[in-house]
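Okay, so here's the structure we're looking at.
The values are calculated or read from the model by the stated rules, or taken from the named source; none is laboratory data. Since the structure is predicted, the reported quantities are computational estimates derived from the model, not experimental observations. Reconstructed Cβ throughout: ideal geometry from the backbone, glycine too, with neighbour counts over all protein chains shown.
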Protein chains: 2
Amino acid sequence: MAARPMKLGLNIVANGAHAAGWRLPEAKADAALDFELWTMLATRAETACLHFMFWADGAAIRHNAPSQEALAYLARIDVWEPLTVIGALAALTKRLGFIASVSTTFNEPYHVARKLASLDHISKGRVGWNVVTSWSEQEARNFGRAALMPHAQRYARAEEFVDVVTALWDSFEDDAFIRDKASGRYFDADKLHPPGHAGRHFAVEGPLNIARPVQGYPIIAQAGSSGPGQALGTRIADIIYTAQKDKAAAAAFYRAIKAQAASIGRDPARVLVMPGILPIIGATRRQAADRFEALQELVPPALGLPLLKASFGDLAGLDLDGPLPPPLPESNALKSEHAALVRLAAAEGMTIRKLYQILAGASGHYIVHGTASDVADRMQDWFEGEACDGFNLMPAWLPGAAFDLFDQLVPELQRRGLAQTAYAGDGTLRGSLGLPRPPHRRHRSSAPGEDRNA
Amino acid sequence: MAARPMKLGLNIVANGAHAAGWRLPEAKADAALDFELWTMLATRAETACLHFMFWADGAAIRHNAPSQEALAYLARIDVWEPLTVIGALAALTKRLGFIASVSTTFNEPYHVARKLASLDHISKGRVGWNVVTSWSEQEARNFGRAALMPHAQRYARAEEFVDVVTALWDSFEDDAFIRDKASGRYFDADKLHPPGHAGRHFAVEGPLNIARPVQGYPIIAQAGSSGPGQALGTRIADIIYTAQKDKAAAAAFYRAIKAQAASIGRDPARVLVMPGILPIIGATRRQAADRFEALQELVPPALGLPLLKASFGDLAGLDLDGPLPPPLPESNALKSEHAALVRLAAAEGMTIRKLYQILAGASGHYIVHGTASDVADRMQDWFEGEACDGFNLMPAWLPGAAFDLFDQLVPELQRRGLAQTAYAGDGTLRGSLGLPRPPHRRHRSSAPGEDRNA
């Protein structure tokens with residue numbers, strides 16, 4: 001197969017995508033609140049012709065299990081709200097895209113539609129929305145709820161939320177604003193279509209008080225891997241974000257997403273699957289392996305041990321470098337996590353410490369260590385083996401691991417024809433990703449099988 | 001009295017603060033969606049050493065009375081969401097402040113606290129929040145409500161909302177983040193203080209997932225002029241925004257605010273009263289008067305007549321250049337507006353057209369036309385007569401009326417020592433306004449009469 005460029009994003013997680021990244025001697029521990037550093041990352045990402053920067057997000061200090069003590073080890077508690085930082089970085093760049101996670105569980109469609117439309121105008125069509133439903137109890141308690149809504153309810157709300165947002169973006173047709181000074185008419189009232197939505201979760205009369213976004217709809221990404229998550233993603237998303245740890249599982253996920261998209265009449269080529277990847281790059285394999293081990297060793301037991309509790313019980317007092325006790329019986333609440341954990345624990349030479357380091361370090365993402373060429377090999381293998389359409393690159397610490405991407409990995413991919421060396425398209429993120437601009441709903445053909453996003 | 005500089009803001013209202021501003025031949029009718037123009041306005045405002053840019057806001061196409069037909073004359077329906085544009089403009093400036101209106105009626109305190117904290121970090125301490133409670137039925141219907149909450153309920157919610165937001169900003173003490181690589185402790189858990197708020201309108205556990213804002217608290221502005229509005233403003237605000245049409249009323253308002261602040265133990269000098277002013281500047285008085293008349297004549301009857309309906313009935317069919325019919329009996333809902341309208345209507349030579357032009361043109365703000373020197377005289381008279389601490393300058397159309405401010409009015413004020421020629425303070429908006437940084441609530445002295453904002 002002739003080489004073709006993959007889609008590449010830069011996914012910055014607080015002070016580094018590895019939980020202990022900030023503790024490396026060379027790391028800037030307060031990177032997440034250093035705007036000059038963010039500016040440099042965006043500028044270098046644009047020079048490297050990456051398609052976009054991407055942000056996970058939560059409206060809380062989120063944790064699955066850590067004790068109160070463990071909180072103090074969390075470097076991900078001091079971060080910016082992504083829509084505000086996107087405004088700032090958009091002003092300093094010309095072609096790079098920006099995709100922010102925004103929850104449908106603790107927001108209102110009007111605010112989300114409006115902020116994204118506004119950013120899409122400010123950036124001249126370079127923003128995207130990663131639709132998330134929130135997973136933490138901590139977020140619920142910041143918004144007047146005693147507990148997180150059940151999974152099914154969150155996804156039902158998300159489905160309706162996205163439909164209201166796209167209807168709000170279609171409040172005005174593209175050519176609605178005539179601004180006719182002679183007659184005084186600012187817009188053509190026939191081209192105004194307030195959604196007038198009255199649904200199960202939302203009642204939104206509209207219209208949105210802003211012209212249709214530059215991209216028609218900003219790019220929509222989605223990251224749910226559950227059944228309802230995949231159903232939502234394949235229906236509404238341009239990009240599917242996923243955490244996949246091995247190629248076979250990634251390829252199966254890829255096939256499932258593409259098949260599901262085709263089954264509802266969408267063009268599978270227009271649903272881009274982009275897993276996260278956490279590359280640890282060294283000048284030699286030895287150096288990369290040492291860096292990886294150094295990072296893993298920096299994960300404190302207080303952060304790691306609570307993650308094993310639901311599956312192995314309280315391990316305090318046991319030798320951390322000794323074997324794991326037998327797993328507890330499966331609990332319903334954590335079914336898939338439990339099974340994966342028990343499988344991992346059965347690996348040769350696995351100790352308590354190693355297991356919690358694996359769990360706490362990269363939050364389920366694909367960690368690869370080696371030379372830039374080694375990492376490029378693995379990415380090429382996934383890409384050409386139809387396990388993905390590209391990757392979200394996650395620097396393990398800042399800024400060094402990001403520099404390794406810009407200085408070594410991306411040039412290596414470019415040499416192989418696997419990364420673009422110039423931006424394609426019309427200047428918008430949609431154009432750069434090769435995705436067409438969605439026409440206004442009044443001008444969409446009703447041909448069967450037509451892609452609603454095209 | 002020796003001249004001292006007044007506080008000056010630039011209040012940009014969509015495509016111009018005058019309803020018909022966009023219709024002038026020299027106006028850029030789509031100014032509100034032109035980011036290069038916004039960049040130029042911010043850059044020039046900074047060169048002119050203005051303290052801040054200021055945005056009104058509503059999450060709807062808001063109107064008090066206009067007919068469906070009149071909607072098409074509204075140029076204020078196609079605007080950006082201010083928090084997103086602040087992010088962008090903050091990245092392009094160094095000293096200028098940015099104050100956005102954000103409603104407490106249709107938002108959640110956690111989101112508002114977080115976005116403002118984030119922007120305060122990105123801008124290095126240059127943002128502010130204008131607390132508004134929303135006045136339009138249209139906004140209510142965009143957020144699942146059949147009607148706007150009653151005034152008293154909106155203000156009760158606003159009081160609690162602001163208290164939750166400041167508590168969230170105090171989630172971490174200023175020196176909570178130790179980022180100790182050796183021990184792995186990212187912050188000192190003793191310096192974490194989640195609000196744990198459980199009140200009448202909100203339950204917010206916290207903490208906020210971001211370090212304390214650079215300014216401690218971003219600047220808080222407030223614009224309510226009702227009893228509850230003044231009570232809220234004098235309790236929580238650094239800046240009181242107000243629309244005042246004549247000096248005597250402005251001076252009475254100023255005295256009332258300062259007295260009310262003093263009565264609750266705040267330093268009245270730390271509650272800045274800044275009315276909006278809409279200057280129409282010409283090279284000569286004649287030219288300025290002609291410009292003003294041209295603007296007024298461009299207000300279409302469809303936009304203006306509905307504003308008279310509640311007080312004078314349906315005026316369709318009457319001669320617009322003839323006298324007004326007798327006013328209808330006072331209605332409870334519109335008491336103060338009705339009385340003001342009837343007073344205005346009694347002025348000599350007042351016609352139907354003139355009255356609706358006055359009402360629709362400047363939305364109750366002080367319009368002054370004349371040479372730059374004339375306008376500076378009026379501003380100096382208000383300022384030295386203790387009717388204000390400064391002004392929010394509102395360009396009637398864009399960009400010309402803004403250029404008149406930068407090229408003529410501000411230099412004239414600077415020559416008189418009434419406008420600063422360099423920024424004061426530590427680089428923050430709070431510093432530039434001469435207002436102290438509020439200490440964390442755990443370190444605030446409990447001396448009686450202490451200003452909570454100081």
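Things to note:
- Selection of region A:39-76 for residues being of a type in the set (Val, Ile, Thr) and either without any contact (Cβ under 8 Å) to a residue 60 or more places away in the chain or in a loop (DSSP other than H, G, I, E, B) (or both) yields A:Thr39, A:Thr43, A:Ile61.
For every residue, the table says whether it meets (1) in contact (Cβ under 8 Å) with a residue 12 or more places away in the chain; (2) in contact with a Pro (Cβ under 9 Å, 6 or more places away or on another chain); (3) within 15 Å of A:Leu10 (Cα to Cα).
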| site | (1), (2), (3) |
| --- | --- |
| A:Leu359 | yes, no, no |
| A:Pro395 | yes, yes, yes |
| A:Leu398 | yes, no, yes |
| A:Ala401 | yes, yes, yes |
| A:Ala424 | no, yes, no |
| A:Thr428 | yes, no, no |
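Residue-wise test of (1) within 12 Å of another protein chain (Cβ to nearest Cβ); (2) modelled with pLDDT of 95 or more.
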site	(1), (2)
B:Gly128	no, yes
B:Thr133	no, no
B:Gln138	yes, no
B:Leu148	no, no
B:Ala158	no, yes
B:Val164	yes, yes
B:Leu168	yes, yes
B:Ser171	yes, yes
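- Among the residues listed as B:Ala376, B:Ala302, B:Ala316, B:Ala339, the single one being assigned by TED's automatic domain parsing to the domain that holds B:Leu418 and either in a helix (DSSP H, G or I) or out of contact with any Gly (no Cβ under 9 Å at 6 or more places or on another chain) (or both): B:Ala376
- Per the listing B:Thr104, B:Thr93, B:Thr84, the residue uniquely surrounded by fewer than 23 Cβ atoms within 10 Å (Cβ to Cβ), in contact with a helix residue (DSSP H, G or I) (Cβ under 9 Å, 6 or more places away or on another chain) and at pLDDT 95 or above is B:Thr93.
- Some residue of region B:422-440 being hydroxyl-bearing (Ser, Thr, Tyr), more than 24 Å from the chain's Cα centre (by Cα), at pLDDT 95 or above and assigned by TED's automatic domain parsing to the domain that holds B:Ala261: no
For (1) among the hydroxyl-bearing types (Ser, Thr, Tyr); (2) crowded, with 23+ Cβ neighbours inside 10 Å, each residue gets a yes or a no:
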site: A:Ala360; (1), (2): no, yes
site: A:Gly364; (1), (2): no, no
site: A:Thr371; (1), (2): yes, no
site: A:Met379; (1), (2): no, yes
site: A:Gln408; (1), (2): no, no
site: A:Thr421; (1), (2): yes, no
site: A:Asp426; (1), (2): no, no
site: A:Pro439; (1), (2): no, no
site: A:Ser445; (1), (2): yes, no
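- Of the residues contained in region B:434-447, none is found to be closer than 30 Å to B:His63 by Cα, out of contact with any helix residue (DSSP H, G or I) (no Cβ under 6 Å at 6 or more places or on another chain), in a helix (DSSP H, G or I) and of a type outside the set (S, T, N, Q).
- Residues of region A:1-30 satisfying the condition of being assigned to a helix (DSSP H, G or I) and at the interface with another protein chain (Cβ under 10 Å from one of its Cβ atoms): A:Trp22, A:Arg23
- Within region A:166-219, the set of residues being of a type in the set (Phe, Trp, Tyr) and without any contact (Cβ under 8 Å) to a residue 40 or more places away in the chain comprises A:Phe177, A:Tyr186, A:Phe187.
- Checklist (1) assigned to a strand (DSSP E or B); (2) out of contact with any strand residue (DSSP E or B) (no Cβ under 9 Å at 6 or more places or on another chain); (3) not aromatic (Phe, Trp, Tyr) applied to A:Leu92, failing item: (1)
- Positions within region B:37-76 being surrounded by fewer than 22 Cβ atoms within 10 Å (Cβ to Cβ), more than 15 Å from A:Arg185 (Cβ to Cβ) and either hydroxyl-bearing (Ser, Thr, Tyr) or facing chain A (nearest Cβ under 10 Å) (or both), in sequence order: B:Thr39, B:Thr43, B:Thr47, B:Asp57, B:Gly58, B:Arg62
- For region B:335-353, the set of residues classified as surrounded by 15 or more Cβ atoms within 10 Å (Cβ to Cβ) and touching a residue at least 24 places away in the same chain (Cβ under 8 Å) consists of B:Glu337, B:His338, B:Leu341, B:Val342, B:Ala345, B:Thr351, B:Ile352, B:Arg353, listed by residue number.
- Set B:Gln296, B:Gln287: member being surrounded by 14 or more Cβ atoms within 10 Å (Cβ to Cβ) and within 14 Å of chain A (Cβ to nearest Cβ): B:Gln296
- Looking across region A:78-117, just one residue is facing chain B (nearest Cβ under 8 Å), in contact (Cβ under 8 Å) with a residue 60 or more places away in the chain and under 18 Å from the mean Cα position of the chain (by Cα), and that is A:Val79.
- Selection count where residues are at negative phi, in contact with a helix residue (DSSP H, G or I) (Cβ under 8 Å, 6 or more places away or on another chain) and at the interface with chain B (Cβ under 9 Å from one of its Cβ atoms), scope region A:177-200: 5
- From A:Asp407, A:Asp426, residue being in a loop (DSSP other than H, G, I, E, B) and out of contact with any strand residue (DSSP E or B) (no Cβ under 8 Å at 6 or more places or on another chain): A:Asp426
- Of all residues making up region B:280-306, the number that are touching a residue at least 12 places away in the same chain (Cβ under 8 Å) and basic (Lys, Arg): 2
- Residues that are free of Cβ contacts under 8 Å to residues at least 60 places away in the same chain and loosely packed, with under 15 Cβ neighbours inside 10 Å were ranked within region A:264-279; the one that is farthest from A:Gly128 (Cα to Cα) is A:Ile264.
- Qualifying residue in region B:277-284 (condition: modelled with pLDDT of 95 or more and in contact with a Gly (Cβ under 6 Å, 6 or more places away or on another chain)): no
- All positions within region B:101-153 that are in contact with a Lys or Arg (Cβ under 9 Å, 6 or more places away or on another chain) and under 20 Å from B:Leu435 (Cα atoms): B:Ala117, B:Leu119, B:Asp120, B:Lys124, B:Gly125, B:Arg126, B:Gly128
- Filter pass, A:Pro395 being touching a Leu at 6+ places or on another chain (Cβ under 7 Å), over 19 Å from A:Ala243 (Cα atoms) and not hydrophobic (A, V, I, L, M, F, W, C): no
- Criterion violated by A:Asp120 - all others in (1) out of contact with any Ser or Thr (no Cβ under 7 Å at 6 or more places or on another chain); (2) within 7 Å of chain B (Cβ to nearest Cβ) satisfied: (2)
- Set side by side, the residues B:Ala261, B:Ala250 differ, and just one is touching a residue at least 40 places away in the same chain (Cβ under 8 Å), in contact with a helix residue (DSSP H, G or I) (Cβ under 8 Å, 6 or more places away or on another chain) and either in a helix (DSSP H, G or I) or farther than 30 Å from B:His51 by Cβ (or both), which is B:Ala250.
- For B:Tyr217, the conditions (1) over 23 Å from B:Val132 (Cβ atoms); (2) more than 8 Å from every other protein chain (Cβ to nearest Cβ); (3) crowded, with 24+ Cβ neighbours inside 10 Å all hold with the exception of (1).
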